[in-house]
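Inspection log for the structure reproduced underneath, given as structure tokens.
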Amino acid sequence: MIQILNVSLGERSYPIHIGCGLLSDAALIQPYLKQKKAVVVSNTTVAPLYLATLTETLGQAGVAVQPVILPDGEEYKNWATLNLIFDALLASHCERSTPLIALGGGVIGDMGGFAAACYQRGMPFIQVPTTLLSQVDSSVGGKTAINHPLGKNMIGAFYQPCLVLADLNTLDTLPRRELAAGLAEVIKYGLIGDPEFFAWLENHLDALLACDKTALAYAVARSCANKAAVVAADEREAGERALLNLGHTFGHAIETGLGYGQWLHGEAVAAGTLIAAELSVRLGWLTADEARRIEGLLSRAELPVRAPPLGVERYLELMRHDKKVADGQLRLVLLQGIGRAAVTDTASEGDISAAIAARCD
Ligand code: NAD
Ligand code: GLY
């Protein structure tokens, strides 16, 4: 069964298809291909697994594939790798209306999307996410970016895809550590605004870790529905969308501080979420019992519950690059309960430091 959700953004609205075997369904993608050629951006891990299937499907739709295969890893999410995409687009005479399809996880989706936004000022962009994290989060909402040595996702653009195809069968080959990393972002939706979903996750976590397709279909669809609602209300993060960054201010500091690719994005978000929970308890926003419940679920999801010992000063320095900083003032997403997140600039540096120190190894 295929579930179809819509991201409502006026003339830039687009569908998200979620189901098994979508990579082989030519009818789903054909309406979005206006040329006889499409570029598929993927990497050295995902291409050997899924590029042949996608190429055959596009062939049935009368479309030839120009592959662009990038090195695999967060450490390659940078200018040099982005330029490889531009080199290939120019060398193969791609036009403004040539579709660019990102086949892979969030790194490929973020870089492919940024390339699509920039090449000839914008080409049609299709997301085919193949990790749990990219199916529930990064393929939806139009944030595209590369990393800078001084800060994560610092160079980028808002650029919406015209179609998202989340084929749950691709998750069969995903390493368990990557599946767990995706669960960090799934749990995030429960914490931000969907307490019923959080409770559902407590009851179905084992099925998700076992890659049960019924449970995955429900979790991916409910996550995407949560994200689509937030993006439709606040596409460019003037307000509410910042809540989707729960745990990310601390998490991005972990990723940048350790060096990209050391901790997975979802792992850093999990540890960051628990620093945010700790700070919320210190401010009297969250009860200690609620914080323990959050730690219990993240721990069962095989995610790190302690942050790496970068030193409090280093955390604070890295966090000053956060995109929510406004007029030099740090703003954080904290929890007022399970299912109730809020942005605040009222936490003192002393409380923030104490929360970081309490959750670091
Ligand atoms: P990733 O793209 O690095 O993929 C994880 C690993 O799994 C990689 O080695 C990849 O090659 C491999 N892989 C992908 N699909 C596979 C499959 N089906 N079978 C086997 N291996 C597979 O990481 P990710 O967790 O998907 O994405 C993380 C990135 O997403 C980060 O850069 C993060 O900043 C970004 N992100 C962006 C947004 C957004 O809104 N744009 C949101 C969240 C995260
Ligand atoms: N992952 C945060 C956002 O899409 O806004």
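Taken together, the values in this text are just the output of simple stated rules run on the coordinates, not laboratory data. As the structure is a prediction and not an experimental result, all values here were calculated from the model. All Cβ positions, glycine included, derive from the backbone under ideal geometry; neighbour counts span all protein chains shown.
Just want the ordering: Trp79, Trp285, from fewest to most Cβ atoms lying within 10 Å of their own Cβ.
Fewest-to-most ranking of Trp79, Trp285: Trp79, Trp285.
Hey, if you drop one equal point scatterer on each alpha-carbon of the range 240-361 and run the Debye formula without solvent, what base-10 log of I(q)/I(0) do you get at q = 0.11, 0.15, 0.17 Å⁻¹?
Result of the Debye calculation: -0.31, -0.59, -0.78.
So, with +1 on the Cβ of K and R and -1 on the Cβ of D and E, and no other charges, what is the size of the charge dipole of the range 1-110 about its Cα centre, to the nearest 20 debye?
The calculated dipole for the range 1-110 is roughly 360 debye.
Determine the dipole magnitude for the range 234-361: charges of +1 sit on the beta-carbon of Lys and Arg, -1 on that of Asp and Glu, nothing else is charged, the reference point is the Cα centre, and the result goes in debye to the nearest 20.
160 debye
Which ³J(HN,Hα) values in Hz, rounded to whole numbers, follow from the phi angles of the range 349-361 under the Karplus curve 6.51 cos²θ - 1.76 cosθ + 1.60, where θ = phi - 60° and Gly and Pro get x?
Values per residue, Gly and Pro as x: 4, x, 5, 4, 4, 5, 5, 4, 4, 5, 9, 8, 5 Hz.
Search the structure for amide H atoms under 5 Å from the amide H of Val40, placed 1.01 Å from N in the peptide plane, and list their residues when 5 or more places away or on another chain.
Counting only residues 5 or more places away or on other chains, the set is Gln66, Val68, Ile101.
As a test of the definition: which semi-axes, in Å, follow for the chain when you take the square root of five times each eigenvalue of its alpha carbon gyration tensor? Largest first, please.
Semi-axes from the Cα gyration tensor: 34, 22, 18 Å.
Between rounded, prolate and oblate, where does the range 222-291 land on the alpha carbon gyration tensor, with a ≥ b ≥ c its root eigenvalues, rounded for a/c under 1.5, else prolate if a/b exceeds b/c?
oblate
Give the residue from Leu258, Val65, Leu174 lying farthest towards the positive end of the charge dipole for the chain; charges sit on Cβ (+1 for Lys and Arg, -1 for Asp and Glu) and the dipole is referred to the Cα centre.
Of the options given, the answer is Val65.
For the range 48-168, just run the numbers: alpha carbon Rg, then divide by 2.2 N^0.38 Å, N being how many residues it has.
Normalised by 2.2 N^0.38 Å, the Cα Rg of the range 48-168 equals 0.99.
Suppose the Debye formula is applied to equal point scatterers at every Cα of the range 106-151; what is log10 I(q)/I(0) at q = 0.21 Å⁻¹?
-0.68
Please order Ile338, Ile108 by the number of other Cβ within 10 Å, starting at the fewest.
Fewest-to-most Cβ neighbours within 10 Å comes out as Ile338, Ile108.
Identify which of Gly112, Gly337, Gly104 has the largest mean-square fluctuation in a Gaussian network model of the chain, with springs joining Cα atoms closer than 10 Å.
Of Gly112, Gly337, Gly104, the Gaussian network model singles out Gly337 as fluctuating most.
Identify the chymotrypsin sites (Phe, Trp or Tyr not before Pro) of the range 146-225 meeting these criteria: DSSP loop state and at most 13 other C-beta atoms within 10 Å of the C-beta.
Details: sites: Phe158, Tyr159, Tyr189, Phe197, Phe198, Trp200, Tyr218; in loops: Tyr159.
Loop-located and lightly packed - none at all.
Could you give log10 I(q)/I(0) at q = 0.25 Å⁻¹ for the range 29-110, computed by the Debye formula over C-alpha point scatterers of equal weight, without solvent?
Each listed q maps to, in turn, -1.28.
For the range 262-314 and the range 328-361, compute the distance between their C-alpha centroids and round to whole Å.
11 Å
For the range 174-191, in order, what is each residue's ³J(HN,Hα) by Karplus, 6.51 cos²θ - 1.76 cosθ + 1.60 with θ = phi - 60°, in whole Hz (x at glycine and Pro)?
Once rounded to whole Hz, the list reads 6, x, 4, 4, 6, 4, 4, 4, x, 5, 4, 6, 4, 4, 3, 4, x, 5.
Report ³J(HN,Hα) in whole Hz for each residue of the range 237-243, in order, from the Karplus equation J = 6.51 cos²θ - 1.76 cosθ + 1.60 where θ = phi - 60°; Gly and Pro get x.
After applying 6.51 cos²θ - 1.76 cosθ + 1.60, I find 6, 7, x, 3, 4, 4, 4 Hz.
Can you list which of the trypsin sites (Lys or Arg not before Pro) found in the range 205-264 are DSSP loop residues with at most 16 other C-beta atoms within 10 Å?
Answer in residue order: Arg236.
What is the distance in Å between the Cα centroid of the range 231-260 and that of the range 41-80?
27 Å
Please check: in the Gaussian network model of the chain (C-alpha springs, under 10 Å), which one of Asn245, Asn83, Asn43 has the largest mean-square fluctuation.
Asn83
Just the Kirkwood number for the range 182-241, please: inverse of mean 1/r across all distinct Cα pairs, in Å, one decimal.
Result for the range 182-241 stands at 12.0 Å.
Which residues' amide hydrogens lie under 5 Å from the amide hydrogen of Leu163, considering only partners 5 or more residues apart or on another chain, with H built in the peptide plane?
Close amide H contacts, sequence-distant or interchain: Gln127.
Report the charge-dipole magnitude of the chain in Debye, nearest 20, computed about the Cα centre from +1 at each Lys and Arg Cβ and -1 at each Asp and Glu Cβ.
Here the size comes out at about 640 debye.
Taking every DSSP beta bridge with both residues inside the chain, roughly what % is antiparallel (nearest 5)?
Roughly 40 percent of the DSSP beta bridges within the chain come out antiparallel.
Given a Förster distance of 35 Å, report the FRET efficiency between Gln262 and Arg300 from their Cβ-Cβ distance, rounded to the nearest 0.05.
My answer for the efficiency is 0.90.
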